Amino acid sequence: MSEMIDAKPNKIGAQYGMVGGALLIGGGALTAMGLSGGFDVNTFAPSFMLGAMFWIMMSMGCMGLMLLFHVTRGRWGTPLLRVFESGASPINLTFCFALVMVAWFVFKIPLYGMWINVEPTDMIILNKQAYLNETAWVIRQPIYFAILIALSWRLMSWTRLEEKTGDKKYNDYRNNLAAPGILIFILVMTFFITDFLMSIDAHWFSTVWGFLFTVGSALSAMSLAVAVVVANKDKAPFAGKVDNLMTKDFGNLLLMLTMLWAYLSFSQMLIIWSGNLKEFIPYYLKRIVGGYSTLGTVLVIMQFFGPFLLLLSPKLKRTSWLLVPTALLIFGVRFVEMFWLVMPYFRKTMTVNPADFGMLCLIGGIWFLISSFGMRGAALVVDAHPYQHAELKEASAHV
Amino acid sequence: MSHVRDTSPKPYGVVAEFDNSDALLEAAEKVKAAGYRDLDAYTPIPVHGLTDVLEWKDDKLGWVVFFHGIAGFAAGYFLQWWTSQGLPVSNTALQVNGLLPYPMNVGGKPEFSIPAFFPPAYELTILLAAFGAVFGMIAFNGLPKPHHPVFNAACMNRASSDRYVLCVEATDPRYDEDEIVELMNGLGSLSVERVKTSEGY
């Protein structure tokens, strides 16, 4: 099948490189603007957290979808897998780990001061200290990322081995590892998001956050991958391989993730709203005052109703110039959600600092550059898949 | 005697029988290429790509389901709003038969509480959309239909077990029975039949 492997296509690698470079320059300028008053950890911590969260979630989403593809082995994944692999490559996950470490060593007090310098009368946090203490937090982070990096490295190396040797046993290896892998991944996500974001306000908790961020991050990664691949679908090596049936699958996957995101977000809100307990409602109270309710409305309309109604249309899912903007809309609104999740922890009213966008672009620039290297030297359409082998084509067409 | 209904059999179409799906697909493509449009196919299993060849682009049902869903959603919220809050009591002109809402105070929340009322509205959306799908499908298919003229063809007996049947219907503007029989015979079919009907088709 070697003629199917286009070893030096890398249109997407080059596009990633350009986007990454532009984001780095723009992000640098915006960050410099935001820092014109001097660097202060307290004012800069929210901006950093916003950018770090957005791009760590991108990598996590790529990881989740890579696992999902290896479990289901659907035809839809063959052109998308490379985007997921480059986003969740060991080197990109290492970069995410570095971001977590920066958050800890530079912005520890503004981010996690609430439970690090705990008030002696704060019984809620004192009772959580067996889990929520500095030593345990620092020990846990490398464990999470070591698990993810090991999973990602193993799966990716098996894909490459299969493409090199043509041995189909690697396909089964990936399938067998990805099934428990997806369970491990969701557990790691739950612990990670609890430590990294939820512990900023250590009084409040939600047990659905692991799933909520798994789905949200998958939505980010899927929208980016769909936008990138569908925009290039008439060029080599996608031409003839990404057909209307496949873009329909892409659209349906986006629709599914959109609905799942709305379902989980709404369930959490409905339960807290019905319970009306003072331990739980502050989370939403903070997010409906000081201008944040506008963002909440934007989320309901643009992250759910808009994409939901658009993606119901079979015509849209078959038409590149309609599907790409829809995917980009979802991708853009992911940033609004991240802002709405992260900022109310730090700012009582909704204000925007140029450094918020600066950090988003700067970290995003590095993320794209790392991913662009991941794209190079790899065929954009994965050959190591049963679908690419004619005898199994029909069998896997609707998986 | 012009008031007596003409019950003499009329042509319904020409059917050809094949023993595999590839032969059916190939035949359908050739018949299509010969300029015939009113085609139908009867197969024991779903045949991949057949609807593309037959050029069926019927999306009426999707819209029926969609608008049933919208109606369910609106009806769900309307019912809950009307019973819980409704119109102000002073506005008697708009009260239907003097019916008044029955507001309930649940934990001090608003009488018309949008989040809590969402699940029933959602369920009604699904219920009506499902009704739309099932009954719409039945209506568009013209069901129930105890008998169909194509059953007059002998080969149809095996169309639900191991035979693939292609039919050119008499409604086709280019319909010419002899020409079609000749065309079908040249397509590797097992048999070709002229189907008659007296059911007014």
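The values are calculated or read from the model by the stated rules, or taken from the named source; none is laboratory data. Computed from a predicted model, the values in this text were never measured in an experiment. Counting neighbours? That spans all protein chains shown, and the Cβs are built from the backbone with ideal geometry, glycine included.
Going through region B:113-129 one residue at a time, which ones are away from every other protein chain (no Cβ under 14 Å) and free of Cβ contacts under 8 Å to residues at least 60 places away in the same chain?
Looking only at region B:113-129, we keep the residues that are away from every other protein chain (no Cβ under 14 Å), and these are B:124, B:127-128.
Of everything in region B:113-129, those that are away from every other protein chain (no Cβ under 14 Å) and free of Cβ contacts under 8 Å to residues at least 60 places away in the same chain turn out to be B:124, B:127.
Restricting to region B:180-198, name every residue that is farther than 20 Å from residue B:24 by Cβ and either under 21 Å from the mean Cα position of the chain (by Cα) or not in a loop (DSSP other than H, G, I, E, B) (or both). So that I can check it myself, show each step before the final result.
In the first step, residues of region B:180-198 are kept if they are farther than 20 Å from residue B:24 by Cβ; the result is B:196-198.
Across region B:180-198, the qualifying residues are B:196, B:197.
Output the number of residues of region A:234-262 satisfying the condition of being basic (Lys, Arg) and modelled with pLDDT under 85.
Step one: filter region A:234-262 for residues basic (Lys, Arg), giving A:235, A:241, A:248.
Narrowing further to those that are modelled with pLDDT under 85: A:235, A:241.
Total satisfying the criteria: 2.
The rows are residues; the columns are (1) touching a residue at least 40 places away in the same chain (Cβ under 8 Å); (2) basic (Lys, Arg); (3) closer than 28 Å to residue A:16 by Cβ.
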site: A:94; (1), (2), (3): yes, no, yes
site: A:114; (1), (2), (3): yes, no, no
site: A:128; (1), (2), (3): yes, yes, no
site: A:150; (1), (2), (3): no, no, yes
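For residues that are of a type in the set (Gly, Ala, Ser) and part of a helix (DSSP H, G or I), tally how many sit in region B:97-154. So that I can check it myself, show each step before the final result.
Step one: of region B:97-154, the residues of a type in the set (Gly, Ala, Ser) are B:98, B:107-108, B:113, B:116, B:121, B:129-130, B:132-133, B:136, B:139, B:142, B:153-154.
Checking the rest, the ones that are also part of a helix (DSSP H, G or I) come to B:98, B:116, B:121, B:129-130, B:132-133, B:136, B:139, B:154.
The total comes to 10.
Could you identify the single residue in A:187, A:126 that is in a helix (DSSP H, G or I) and more than 27 Å from the chain's Cα centre (by Cα)? Reasoning before the result, please.
Details: A:187 fails: more than 27 Å from the chain's Cα centre (by Cα).
Answer to the selection: A:126.
Among the helices (runs of 4 or more DSSP H) lying completely within region A:235-341, list those that include at least 1 residues that are more than 13 Å from every other protein chain (Cβ to nearest Cβ).
Details: elements: A:244-275, A:282-286, A:292-298, A:306-312, A:314-318.
Answer list for region A:235-341: A:244-275, A:282-286, A:292-298, A:306-312.
Can you name every residue in region A:198-212 that is over 18 Å from residue A:109 (Cβ atoms) and hydrophobic (A, V, I, L, M, F, W, C)? Explain how you work it out, then say what you get.
Of the residues in region A:198-212, the ones over 18 Å from residue A:109 (Cβ atoms) are A:204-212.
Residues satisfying the conditions are A:204, A:205, A:208, A:209, A:211, A:212.
Taking residue B:65 as meeting all but one of (1) within 13 Å of chain A (Cβ to nearest Cβ); (2) farther than 30 Å from residue B:112 by Cβ; (3) among the hydrophobic types (A, V, I, L, M, F, W, C), write down the number of the exception.
(2)
Could you please find all residues in region B:21-37 being more than 14 Å from chain A (Cβ to nearest Cβ), out of contact with any Lys or Arg (no Cβ under 9 Å at 6 or more places or on another chain) and in contact (Cβ under 8 Å) with a residue 12 or more places away in the chain?
Residues of region B:21-37 that are more than 14 Å from chain A (Cβ to nearest Cβ), as a first pass: B:23-24, B:26-37.
Keeping just the survivors that are out of contact with any Lys or Arg (no Cβ under 9 Å at 6 or more places or on another chain) gives B:23-24, B:26-33.
Answer for region B:21-37, where residues must be more than 14 Å from chain A (Cβ to nearest Cβ), out of contact with any Lys or Arg (no Cβ under 9 Å at 6 or more places or on another chain) and in contact (Cβ under 8 Å) with a residue 12 or more places away in the chain: B:23, B:24, B:26, B:27, B:28, B:29, B:30, B:31, B:32.
Here is a check on your reading of the model: is residue A:217 on the phi < 0 side of the Ramachandran plot, of a type in the set (S, T, N, Q) and buried (at least 19 other Cβ atoms within 10 Å of the Cβ)? Talk me through it step by step, then tell me what you get.
Working: on the phi < 0 side of the Ramachandran plot: yes; of a type in the set (S, T, N, Q): yes; buried (at least 19 other Cβ atoms within 10 Å of the Cβ): yes.
Taking the combined requirement at face value, the residue satisfies it.
Yes or no: region A:139-161 includes at least one residue that is closer than 22 Å to residue A:46 by Cα, at pLDDT 90 or above, assigned to a helix (DSSP H, G or I) and touching a helix residue (DSSP H, G or I) at 6+ places or on another chain (Cβ under 8 Å). Walk me through it before giving the result.
Just the residues of region A:139-161 that are closer than 22 Å to residue A:46 by Cα, to begin with: A:141.
Right, trim to at pLDDT 90 or above and you get A:141.
Then keep just the ones that are assigned to a helix (DSSP H, G or I); that gives A:141.
Narrowing further to those that are touching a helix residue (DSSP H, G or I) at 6+ places or on another chain (Cβ under 8 Å): A:141.
Checking region A:139-161: at least one residue is closer than 22 Å to residue A:46 by Cα, at pLDDT 90 or above, assigned to a helix (DSSP H, G or I) and touching a helix residue (DSSP H, G or I) at 6+ places or on another chain (Cβ under 8 Å).
With the requirement that a residue be within 14 Å of chain A (Cβ to nearest Cβ) and modelled with pLDDT under 85, what does region B:51-62 give you? Walk me through how you get there before you give the answer.
Step one: filter region B:51-62 for residues within 14 Å of chain A (Cβ to nearest Cβ), giving B:51-52, B:56-62.
Those that are within 14 Å of chain A (Cβ to nearest Cβ) and modelled with pLDDT under 85: B:51, B:52, B:56, B:57, B:58, B:59.
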